[in-house]
Amino acid sequence: MKQRQSNIELLRLVAMFLIVFTHTNFFSLGRPKIAAYNAEPVWITIRFGLQSLTYIGVNLFILISGYFAIKPRFRSVCAFLFQILFFSLSVIGILFIIGEFTGQTLVKWSYLGDAFMILSRYNWFIPAYLLLMLFAPMINDFCEKASRLQLGMFIVLLLAASSYLGWGLHYSKEFNDGYSFVSMILLYITGRYLRLHHYWLVNRSYKVDAAFFLLYVVINTALALWRIQNPYRMSLFALNNPIQLYGAVCFFLFFTKIQIQSTLINKLAMGTFGIFLLQMHPHVIPHFRNLIKTLNSNLEHGTFVLILFGVVLLFCLAGILMDIPRQKLWNRIDTPLMNLYERIKGSILNHGK
């Protein structure tokens with residue numbers, strides 16, 4: 001088995017931390033209005049800065065997928081679906097047991113369909129990523145056969161369409177502020193391009209990448225503050241915001257250029273997606289948002305931000321720990337399931353002869 005690159009595994013962990021952290025801000029507390037800025041300009045500026053800093057997490061995940069290329073097989077698709085099923089049922093089971101002991105109703109059975117996350121519109125990312133897995137062989141083939149110029153032009157044209165129709169005009173619903181399968185394709189192919197074609201952006205110093213990322217945070221924050229005082233349709237906190245996309249690329253490239261090798265990081269990163277499945281579970285996210293609102297109401301701003309870091313770290317740790325039994329259970333059923341699949345496939349092929 002090829003050894004995983006710890007710098008990219010660390011990036012997976014950081015990206016998930018950023019995703020969870022960004023859910024503590026606008027998603028939980030709401031987007032600040034002009035009245036809030038006028039009352040507390042420093043605090044609102046910090047909130048916008050934190051949102052700019054952390055909002056790149058989802059785009060980082062897709063860039064990583066494109067950089068290494070998804071190579072879906074029956075086993076990997078089954079493992080993906082099994083992880084979703086495991087977390088869906090485990091969280092319900094844990095909350096049901098806690099509810100029985102505390103006398104509270106923590107499980108809403110009306111959310112049962114949403115809990116499986118691929119059976120409803122509750123979470124856009126999971127069905128979109130599943131589609132990306134299924135389309136990946138064709139996309140990979142296109143990326144490998146296309147010339148550098150062709151692939152670059154494809155990215156530029158799709159980015160232009162996303163920026164103009166999906167972000168600027170909000171005319172094309174296919175882009176949906178970047179929360180879409182189409183936007184995933186743009187990021188995935190960008191990741192492939194960065195891996196397949198080495199040029200000045202890839203070869204420049206990691207210090208330059210860090211500087212440009214920080215510049216993105218400053219510019220995006222300044223524009224967002226300007227926007228709440230001068231209402232404009234474009235949202236600076238959309239996944240297809242071209243400024244934000246460039247910031248994500250810079251952050252991604254920074255990690256590709258640092259040298260780290262750690263068995264601990266590699267093991268921790270195996271549970272990265274479990275963090276997302278735990279935090280975005282429909283039975284968890286309402287409690288998560290209420291917790292953040294309560295902390296915000298009862299703490300000073302500085303203390304609140306420090307506590308947020310602790311809460312996010314705990315959620316990340318909980319998701320990683322919950323994924324350990326999932327990994328062990330999958331290792332037990334993996335081989336028998338694949339053997340059954342091969343027998344069924346063989347039977348179908350023989351029947352077709």
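A few comments on the model shown:
- Inter-site label distance for Ile94 and Phe181 at 7 Å from Cα along Cβ, in nm: 3.1 nm
- Cα pair distances exceeding 33 angstrom across the chain, given as percent: 33 percent
- Whole-Å distance, taken between Cα centres, linking the stretch 80-104 and the stretch 181-237: 37 Å
- The Kirkwood radius of the stretch 8-86, taken over pairs of alpha-carbon atoms, gives through the Stokes-Einstein law at 20 °C and 1.002 mPa s a diffusion coefficient of 143 µm² s⁻¹.
- Förster radius 35 Å - calculated FRET efficiency between Arg31 and Ile333 (Cβ-Cβ, nearest 0.05): 0.20
- Kyte-Doolittle at least 1.6, axis length at least 18 Å by Cα - qualifying DSSP helices, the chain: 6-22, 74-102, 148-161, 242-256
- Excluding same-chain neighbours fewer than eight residues apart, the aspartates and glutamates reachable from Lys257 by a Cα-Cα span under 18 Å are Glu9, Asp209.
- Rg in Å to one decimal, and Dmax rounded to a whole Å, for the stretch 123-230 via C-alpha atoms: 16.1, 48
- FRET efficiency for the Leu317 to Lys108 pair, using the beta carbon distance and R₀ = 25 Å, is estimated at 0.45.
- Between Phe68 and Glu342, the modelled label-to-label distance comes to 2.5 nm, taking each label 7 Å out from Cα in the direction of the beta carbon.
- For the stretch 269-348, the fraction of 1.4 Å probe accessible surface lying on carbon and sulfur atoms is 67 percent.
- The Arg195 and Thr45 beta-carbon pair, evaluated with R₀ = 30 Å, returns a calculated FRET efficiency of approximately 0.25.
- The stretch 209-266 has equivalent-ellipsoid semi-axes of 31, 11, 9 Å, by the square roots of 5 times the alpha carbon gyration tensor eigenvalues, sorted largest first.
- Label sites at Thr294 and Lys145, each approximated as a point 7 angstrom past Cα along Cα to Cβ, lie 5.7 nm apart.
- Farthest positive-ward along the chain dipole, Cα basis, beta-carbon charges - from Leu157, Gln229, Gly168: Leu157
- Placing one equal scatterer on every Cα of the stretch 1-44 and applying the Debye formula, the log10 ratio I(q)/I(0) at q = 0.14, 0.26 Å⁻¹ is -0.53, -0.88.
- The listed peptides 191-203, 272-284, ordered by packing as a protection proxy, come out as 272-284, 191-203 (highest mean of other Cβ atoms within 10 Å first).
The values are calculated or read from the model by the stated rules, or taken from the named source; none is laboratory data. Predicted model only: the values in this text are computed from it and were never measured. Counting neighbours? That spans all protein chains shown, and the Cβs are built from the backbone with ideal geometry, glycine included. SASA here: full protein model, heavy atoms, side chains in, ligands and nucleic acids out. Shrake-Rupley method; radii C 1.70, N 1.55, O 1.52, S 1.80 Å.
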